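Worksheet: one structure, shown below.
The values are calculated or read from the model by the stated rules, or taken from the named source; none is laboratory data. All values derive from a computational prediction rather than experimental measurement. Glycine gets a Cβ as well: all are built from the backbone with ideal geometry, and neighbour counts include every protein chain shown.
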């Protein structure tokens, strides 16, 4: 049996996926988490073969977790799961090594098929995601990731957009406050954005966090 880790911040959906996994005799749910940092720690602890991963997560976003998973173990199977995928998210998830990617609104039958195929070592992209992939192939320049930001800077940008102070960022990432301040300043310089509101808007527009922009 394959050990499974679920990382999904919406409680109802997380519990639904956990119950759904009972219908798969070759899969064994080991743990379910609602936070990106907790999810990474759970992975290190239980070493699952299959991870069901939300893209938008507090603490550490799904794209960064996926990169870490594939660096640590290229053979781990990962199915991405997103409520609001856009071309940038799809491109980043595919480039990071997602074995499958599903839009949450596409229905139970799609989700069941995705779990079955990815757990069996196959690739699965849901219909809406497949449509975006075709658009990316036709117009690759329109789906460029955030140019110039390192993985650590994207991680810190997400935490800034989630209203974390420099001290809170330092505590969560186990770095000094001075280092957190330096990263914040570098991000602002590279993006030419010089306030937290602007950084939050940028993070939402580029798929680091979910949210609504109000004009």
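Out of curiosity, is residue 77 at pLDDT 90 or above and closer than 23 Å to residue 130 by Cα? It is true that residue 77 is at pLDDT 90 or above and closer than 23 Å to residue 130 by Cα. Looking across region 189-203, the residues that are out of contact with any helix residue (DSSP H, G or I) (no Cβ under 7 Å at 6 or more places or on another chain) and either buried (at least 16 other Cβ atoms within 10 Å of the Cβ) or modelled with pLDDT of 80 or more (or both) come down to 189, 190, 195, 197, 198, 201. Inside region 113-130, residues that are free of Cβ contacts under 8 Å to residues at least 40 places away in the same chain, surrounded by 21 or more Cβ atoms within 10 Å (Cβ to Cβ) and either in contact with a helix residue (DSSP H, G or I) (Cβ under 8 Å, 6 or more places away or on another chain) or within 13 Å of residue 2 (Cβ to Cβ) (or both) make up a count of 2. When residue 90 is tested against (1) in contact (Cβ under 8 Å) with a residue 12 or more places away in the chain; (2) out of contact with any helix residue (DSSP H, G or I) (no Cβ under 8 Å at 6 or more places or on another chain), exactly one condition is not met: (2). Is region 150-157 home to any residue that is crowded, with 20+ Cβ neighbours inside 10 Å, more than 27 Å from residue 16 (Cα to Cα) and modelled with pLDDT of 90 or more? Checked against the condition, which is being crowded, with 20+ Cβ neighbours inside 10 Å, more than 27 Å from residue 16 (Cα to Cα) and modelled with pLDDT of 90 or more, region 150-157 yields at least one hit.
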